[in-house]
Amino acid sequence: MEKVIKKAGSVPDIQNNLQIMEKNTNRLLDLTNQLLDFRKTETNGFSLSFVKTDITELLADTFLRFKPMTEQKNMRYEFIHQHKNLYAYVDIEAFSKIISNLINNAIKYGKSVVEVELLEHQEDDCTFSIEIRNNGYIVSYEMREKIFEPFFRLKESEKQIGTGIGLSLSRSLAELHKGVLVLNKSVNDLNIFMLTLPVHQEKEFDLYNTPDDYELTDKNKEEDFDFMKPIILLVDDNPEILDFISDDLSDKYSVIKALNGQEALDMIEIENIQLIISDVMMPLMDGFELCKKIKTNFDYSHIPIILLTAKNTLQSKIEGLEVGADAYIEKPFSPEHLQVQIANLLINRNKIREHFASSPLANINTMAYSKPDESFLDRLNAAINKNIQNPDLDVEHIAGLMNMSKPTLYRKVKAISNLTINELINITRLKAAAKLLEDGDYKIYEVASMVGYSSQSHLGRNFLKQFGTTPTEYQQNKRNLKTRSI
C-alpha cells in the first residue's frame with residue numbers, strides 16, 4: 001500500500017482512494033492485533049516485561065496522539081497531573097494499549113468533555129491511579145461489570161464502529177499488571193473509568209540506567225544477480241514475503257533467498273553475504289537461533305543482521321538484541337523504513353572502515369562488531385606488531401602466526417575491514433610509524449627502519465598517500481600541539 005501510494009502521488013483521484021484504502025487497512029491491522037492480544041490474554045499467552053517508566057510522560061504522549069480527534073469534535077480535552085513525574089514498573093506496550101483504548105472510547109462515545117487525570121500520588125504509595133472521564137451517554141452503574149464482557153455492546157452505542165473487545169482487553173491487561181480497571185459511579189454527569197496499578201512488580205527490570213534515558217527480510221534468479229552490488233540474504237518461510245522484499249531491494253542490492261535458518265547457513269558458506277534480513281518464526285531453525293549461530297561463529301560474526309518479525313513484545317526485542325541482532329523491525333513493516341535501516345547499517349560500517357584507514361591513531365578494534373571479531377582483531381594486530389620490523393612480512397607469515405589457512409584469513413580480514421592482508425599490514429606499519437613520530441624520540445629514517453620500510457622516502461610516499469600528510473609535517477604538527485598545551 002505504501003509503495004503504491006508513493007507511485008500514484010501525481011494522480012489526485014487515485015491518491016485519495018488509496019489513502020482511504022490505507023486508512024481501512026490500518027484499521028484492519030489494529031483490529032487484528034486487538035483480537036490476537038485478546039486471545040493471548042485468554043490463553044495465558046501474553047507475557048509482560050516490566051520496565052521502570054515515566055508514567056507522566058507516557059500518559060502525556062498517549063494523550064497528545066488523540067488531540068486531533070477531539071479538535072474535530074470540538075471537545076474540551078484535558079490532561080490533569082501533578083507537576084512532579086511519577087515512575088512505576090509497567091509493560092510499556094500493554095500499558096499504552098490500556099490507556100489508548102480508554103481514551104479512544106471516551107472520545108468516541110463522549111459529547112463535549114474528555115478528561116485524563118493522573119491522581120495525586122505520594123512517594124510511599126504502593127499503587128497509582130488514572131481516571132478517564134467523559135460526558136454524553138452515562139453508563140448505568142448496574143452495567144459496570146457487563147461492559148467489560150467480551151463483544152458486549154450497549155444498545156446506545158451499536159451504531160458506532162467497534163468490536164466490543166477494547167474494554168475486555170484493557171481489563172485483562174490491567175489484571176496481568178496485578179491491577180484493576182473499573183467503572184466508578186458517575187459524578188457531575190461524567191462516566192469515570194479508573195485504572196489502578198502497582199508501582200512495583202515481582203519480575204521487574206530496569207532497561208534504562210536513569211529516568212533521563214527513557215525513550216519512548218524458484219529461490220535465486222541468477223540472471224538478476226549483480227556481483228557489483230552488496231549481497232543481501234533474505235530468510236523467511238513465506239515465499240510471497242521473500243519475493244516482495246526481494247523486488248523492493250533488487251534495484252540497489254543483489255538478493256539471495258532462503259526459506260529457513262538452516263538453508264541460510266548453507267548459503268552463507270558459499271556466498272560473500274554483506275547483510276542478512278531474517279524472519280523470527282520459521283521451521284527447522286528460527287531467526288533467534290540463526291542469529292546466535294552467526295554471531296558466535298568466527299567466520300560470519302561480522303555480518304549485520306536485521307530481524308523482521310510479527311513478535312513485537314518488548315521481551316522479544318530484548319531477546320533479539322541479546323543474540324546479537326543489529327536491528328529489529330516489526331511486521332507489518334514499512335518498505336522505506338527497511339531500506340533506510342539497511343543503508344544505515346552498511347554506510348556506518350563503511351564510515352568506520354574509512355576512519356580506521358585514514359586516521360593515524362584509530363585503533364583496529366573500532367572495526368569489531370562482535371566479541372569474536374574483537375578477539376580476532378586483537379590477535380591479528382598483536383601478530384603484525386610483533387613482526388613489524390620484518391620487511392618481508394606477508395599473508396603466509398601472518399596465517400602461520402594465526403594458525404589459520406590463507407583463504408580463511410583473507411576472507412575474514414576482507415569482510416571486516418574491506419582490506420587485503422597486505423593492505424592491512426601496510427596500514428598497521430604506518431600507524432606504528434605515526435605513534436613513534438608523535439613520541440618524537442626518533443628521526444624519520446629510524447622510524448622507517450623500525451616499522452619495516454626499506455627507506456625514509458618509501459615511508460614518506462606511503463604515509464602521504466594514506467594520511468594526507470608527510471611524516472615531517474605530521475611530526476611538526478604534533479610538536480606544535482604539545483608546545484601549545486604546555
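Coordinate-derived values only; no laboratory data. Only a predicted model underlies this, so the values are computations on that prediction, with no experimental measurement involved. FYI the Cβ positions are ideal-geometry reconstructions off the backbone, even for glycines, and counts take in every protein chain you see.
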- When a footprinting reagent is the concern and you count Cβ atoms within 10 Å, what order do TYR253, TYR369 take, fewest first? TYR369, TYR253
- Item | Distance between modelled label sites at GLU22 and GLN476, nm, 7 Å Cα→Cβ extension | 5.9
- Task: Provide, for q = 0.09, 0.11, 0.16, 0.22 Å⁻¹, the log10 of I(q)/I(0) from a solvent-free Debye sum over equal Cα point scatterers in segment 222-352.
- Result: -0.22, -0.33, -0.74, -1.55
- Please work out the FRET efficiency for the pair LYS185 and ALA60, using the Cβ-Cβ distance as r and a Förster radius of 30 Å; give the result to the nearest 0.05. 0.60
- Mind sorting SER417, SER250 by how few other Cβ atoms lie within 10 Å of their own Cβ, fewest first? SER250, SER417
- Note on the structure: 1/(1 + (r/R0)^6) with r = Cβ-Cβ of LYS67 and ASP251, R0 = 35 Å, i.e. FRET efficiency to nearest 0.05, evaluates to 0.35
- GluC sites (Glu not before Pro) restricted to DSSP loop in segment 118-152 with at most 16 other C-beta within 10 Å: GLU120, GLU123, GLU145
- Per-pair calculated FRET efficiency, R0 = 51 Å: LYS443 and SER129 via Cβ, rounded to 0.05: 0.10
- Mind listing which GluC sites (Glu not before Pro) in segment 235-278 are in a DSSP loop and have 11 or fewer other Cβ atoms within 10 Å? GLU269
